[in-house]
1. Which members of the stretch 126-138 meet the condition of being in contact (Cβ under 8 Å) with a residue 40 or more places away in the chain and either under 17 Å from the mean Cα position of the chain (by Cα) or surrounded by fewer than 20 Cβ atoms within 10 Å (Cβ to Cβ) (or both)?
2. For the stretch 308-321, check the following and say yes or no: at least one residue is near the ligand (Cβ under 10 Å from one of its atoms), over 14 Å from residue 229 (Cβ atoms) and buried (at least 23 other Cβ atoms within 10 Å of the Cβ).
3. From the residues in the stretch 1-37 that are at positive phi and within 19 Å of the chain's Cα centre (by Cα), which one is modelled with the highest pLDDT?
4. When you go through 276, 242 one by one, which is the residue that is more than 23 Å from the chain's Cα centre (by Cα), surrounded by fewer than 21 Cβ atoms within 10 Å (Cβ to Cβ) and either near the ligand (Cβ under 10 Å from one of its atoms) or modelled with pLDDT under 95 (or both)?
5. Sort out which residues of the stretch 259-273 are at pLDDT 95 or above, more than 9 Å from the ligand (Cβ to nearest atom), assigned to a loop (DSSP other than H, G, I, E, B) and buried (at least 20 other Cβ atoms within 10 Å of the Cβ), and write them in order of number.
6. Quick check: anything in the stretch 145-164 surrounded by 15 or more Cβ atoms within 10 Å (Cβ to Cβ) and without any contact (Cβ under 8 Å) to a residue 40 or more places away in the chain?
7. With the condition kept exactly as written, say whether any residue in the stretch 157-166 is modelled with pLDDT under 95 and under 15 Å from residue 29 (Cα atoms).
Ligand code: FAD
């Protein structure tokens, strides 16, 4: 049955994140031929709204406010609740990012609906929309469908296909009033930690280092390989605990969950808590001196060897491609 479905886009550092287009893709499947409405909050959103239309949204609502430039729980909950009150959609899709994970349960409570979180697949089966999501730290998947109320899902970046871009598409871009009041929290300043150019959670290629990297200096060859591949550098908690790198790079159960096309794990043993954050990567390459390291059990390709020999060789060869 055709539905009206809202897809919330996410703007970070002035850039519209790719997962916004993936949210539109999920919304299209849920809408089943109905209307997909993009939603954006912040400032200077016109170009992003046009991009959402070119990437499959039928129209876009923009809530301009300086208080929505950076994610703040109260402000975003108020703004999105207002849009939902006005639009009364039958479906809503939000990126499963740190902001989306915080926002979604509050919105589910406002909508008095359920929430299918951390979705990695959306498909139509007859009249039903089937959502696939990982459970038990990524060791298994479950499938769910929503039988009543608003169909509300958060989608994990890099998993749901975004619609193909079509520059000839057009649609209305409408400003909505999202005047925010009585905020309990405001952001005064954002102090950034430098983690390189590519956002880990959306990176297509990740080169991750573990305790086997041995020092902060030891991460240099990994950074060079990531540069050549246009990817990002990640780390195990072992490497973060040893102060070889910042915790913002940590991947795993208590770090970031990533699903790149290629994950290169160097000097990482493959503890269950690390696997929870990366085992759904499309291709996993493990480099480890120990042939018995558990990481080889989830790897598609394994290289038994010293990472300080293997990584520079890989980088040199890839530079030639
Ligand atoms: P190690 O287990 O010490 O492995 C180092 C590996 O490097 C070894 O396999 C060794 O053979 C190899 N090696 C050494 N030198 C070289 C070399 N020169 N070349 C190639 N290989 C080499 N961990 C996470 O990663 N993410 C999490 O989110 C996380 N959350 C946790 C939550 C809880 C509640 C707990 C209890 C633990 C958590 N951990 C997490 C920690 C996890 O259990 C492991 O301790 C951690 O992942 C180990 O990191 P590591 O693989 O880098 O180190």
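1. To start, the set of residues in the stretch 126-138 that are in contact (Cβ under 8 Å) with a residue 40 or more places away in the chain comprises 127, 129, 134, 137-138.
Selection gives 127, 134, 137, 138.
2. Filtering the stretch 308-321 for residues near the ligand (Cβ under 10 Å from one of its atoms) gives 308-311.
The next check asks that each one be over 14 Å from residue 229 (Cβ atoms); those that pass are 308-310.
Filter once more, so that each one left must be buried (at least 23 other Cβ atoms within 10 Å of the Cβ): none.
No, the conditions are met nowhere in the stretch 308-321.
3. 14
4. Just a single option satisfies the conditions, and that option is 242.
5. 260, the sole residue that qualifies.
6. Yes, the stretch 145-164 contains at least one residue that is surrounded by 15 or more Cβ atoms within 10 Å (Cβ to Cβ) and without any contact (Cβ under 8 Å) to a residue 40 or more places away in the chain.
7. At the first step, the residues of the stretch 157-166 found to be modelled with pLDDT under 95 are 157-159.
After this cut, where a residue has to be under 15 Å from residue 29 (Cα atoms) as well, the list is 159.
Scanning the stretch 157-166 turns up at least one residue that is modelled with pLDDT under 95 and under 15 Å from residue 29 (Cα atoms).
The values are calculated or read from the model by the stated rules, or taken from the named source; none is laboratory data. Just so we're clear, the structure is a prediction, and the values are computed from it rather than from any experiment. Counting neighbours? That spans all protein chains shown, and the Cβs are built from the backbone with ideal geometry, glycine included.
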